[in-house]
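The values are calculated or read from the model by the stated rules, or taken from the named source; none is laboratory data. Note that the structure is a prediction, hence the values are computed from the model and not measured. Using ideal geometry, Cβ is built from the backbone for each residue, glycine included, and neighbour counts are taken over all protein chains shown.
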Amino acid sequence: MKVPTDYDNPGCERARALEPEMADNYVEHTMIGDPLADAAVEALSSMKRSESSRIIAAYMSPPDGNERPVIPPEVEALIDDVMTPPDWLDLPALTSGIHMFHRNRKMVVVGMLAGVLIEGFSTNISESFFVTGRLRDQGVRRLQQNNRHMVEIFLPGGMGPYGDGWRLSFRIRLVHAQVRYLLKNAREWDTDALGVPLSAAHVGYAITAFSARLLMHMRSLGAKFSEEEAASFMATWRYSGLLMGIPESILFHGEDDALKLYEIGTMCEPEPSTSSIVLANSLVNSAPLIVGINDPFEGQKLSQYVYKVSRALIGDLLADQLNYPKQSTLGVLPWFRVQARYDRLTLRFLPKIARKSNISNFETLMSGSWYHDEGITYSLPDHVYAEESSQW
């Protein structure tokens, strides 16, 4: 197989020594995109942007008795794929994961923002974001859109047919395919070194971070949940990943499998690049704006605290590679665990106070999510550089 030069490195050799099949599979998928979605986006490229958005929206809504618009066969194949649920899907079993998610909202937000997103940007995943400028221009909106996706897949009915989590997962698949289409001929993208933009390897790796790695960080922060709840949480992300176009050949099966894939993928990835450093620090400094804090002084205080929590979660080695400020993390995680235990005791003995805290956590979660539009649209970026693209 053709190996991108960035993946011809000592880390990959160590990964092959541990898990040869998984390591080779990971590297192989750096050269694979999403054939169905890529073909559909290419077929849509000849249409006006408003028209392609309209016809996709028609198929992403329940049939209303009216005749649906005619679509290219490539788009029809993609829609058929999304409309066919996998044999392993058990929608009722996702309920316990939903309850766990909302019971631990605080740890979800902290683990995602200060942990897994930073770790994801420490890999070559950062390169497509850096080239396109998706976090340079309207970066807060992009991150809030990602948060909205996470919120919607963990709302009751969100992952059922035509649910908002189901539709947003598919929308991400289209966006990824469109970005690959735009980057295909971009002079800044080096396929020989990096592989395919937004490759199946990277999307498959990201979903292990959003699921199993997030559970690990949540446990470090003091979250408590059962094995059934953890399995349900993982199943929700697994189905979302399938809708996002991750082939089953690199889609995890359960928590242990996801953690192993995350470990092997991390070993195969090169050390953090300049792009990783820029994006990771941009993310930390965007945290106040994501949750609606506009005061510069308060924003700086929150950013410094996020740096400290992030260092505690990702470890000193990676934090130093990302040029984090030197800080002691003594007591950071134990304090979160004490707060988590206090919240559980409050819920048990002081339910009125617990309800107020629960409402506050929910408001924080929602304020960090993009709900400033009239609904889900399927407008796609139309320029490789975010600052020159129409809004989407």
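Yes or no: Gln339 surrounded by 12 or more Cβ atoms within 10 Å (Cβ to Cβ) and not in a helix (DSSP H, G or I)? In short, no.
A quick yes/no check of all residues on (1) of a type in the set (Ser, Thr, Tyr); (2) modelled with pLDDT under 95; (3) closer than 19 Å to Met112 by Cβ; (4) over 18 Å from the mean Cα position of the chain (by Cα):
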| position | (1), (2), (3), (4) |
| --- | --- |
| Glu228 | no, no, no, yes |
| Ala235 | no, no, yes, no |
| Tyr239 | yes, no, yes, no |
| Glu248 | no, no, no, no |
| Thr266 | yes, no, yes, no |
| Glu271 | no, no, no, yes |
| Leu279 | no, yes, yes, no |
| Ile290 | no, yes, yes, no |
| Ile293 | no, yes, yes, yes |
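Considered as a group, the residues in the range 178-207 that are of a type in the set (S, T, N, Q) and either part of a loop (DSSP other than H, G, I, E, B) or touching a Leu at 6+ places or on another chain (Cβ under 6 Å) (or both) include one that is modelled with the lowest pLDDT, and that residue is Asn185.
Residues in the range 228-251 that are within 12 Å of Trp88 (Cβ to Cβ) and either among the acidic types (Asp, Glu) or part of a loop (DSSP other than H, G, I, E, B) (or both): Glu248, Leu251. Look at the range 54-75: where a residue is more than 13 Å from Phe170 (Cβ to Cβ) and a partner is assigned to a loop (DSSP other than H, G, I, E, B) and of a type in the set (Gly, Ala, Ser), sitting 6+ places away or on another chain with Cβ atoms under 9 Å, you get Pro72/Ser46.
Only one entry in Phe210, Phe225, Phe170 is among the aromatic types (Phe, Trp, Tyr) and part of a loop (DSSP other than H, G, I, E, B), namely Phe225.
Here Arg148 passes the criteria (1) part of a helix (DSSP H, G or I); (2) within 24 Å of Tyr26 (Cβ to Cβ); (3) not small (Gly, Ala, Ser) except the one numbered (2). So how many residues does the range 70-82 have that are loosely packed, with under 12 Cβ neighbours inside 10 Å and either among the aromatic types (Phe, Trp, Tyr) or farther than 17 Å from Pro247 by Cβ (or both)? Final tally of qualifying residues: 2.
Within the set Ala206, Ala201, the sole residue that is crowded, with 20+ Cβ neighbours inside 10 Å, within 27 Å of Ala39 (Cα to Cα), touching a Phe, Trp or Tyr at 6+ places or on another chain (Cβ under 6 Å) and touching a residue at least 24 places away in the same chain (Cβ under 8 Å) turns out to be Ala201. Count of the range 304-325 residues, restricted to those that are under 20 Å from Met218 (Cα atoms) and of a type in the set (S, T, N, Q), is 1. Assess whether Asp87 counts as being modelled with pLDDT of 95 or more and either of a type in the set (Lys, Arg) or loosely packed, with under 10 Cβ neighbours inside 10 Å (or both). It is true that Asp87 is modelled with pLDDT of 95 or more and either of a type in the set (Lys, Arg) or loosely packed, with under 10 Cβ neighbours inside 10 Å (or both). Checked against the criterion of being in a helix (DSSP H, G or I), buried (at least 20 other Cβ atoms within 10 Å of the Cβ), modelled with pLDDT under 95 and within 19 Å of the chain's Cα centre (by Cα), the candidates Gly111, Gly97 yield just one match: Gly111. Pick out the one residue from Val151, Val116 that is under 24 Å from His253 (Cα atoms), in contact with a His (Cβ under 9 Å, 6 or more places away or on another chain) and surrounded by 19 or more Cβ atoms within 10 Å (Cβ to Cβ). Result: Val116 is the single residue among Val151, Val116 that is under 24 Å from His253 (Cα atoms), in contact with a His (Cβ under 9 Å, 6 or more places away or on another chain) and surrounded by 19 or more Cβ atoms within 10 Å (Cβ to Cβ).
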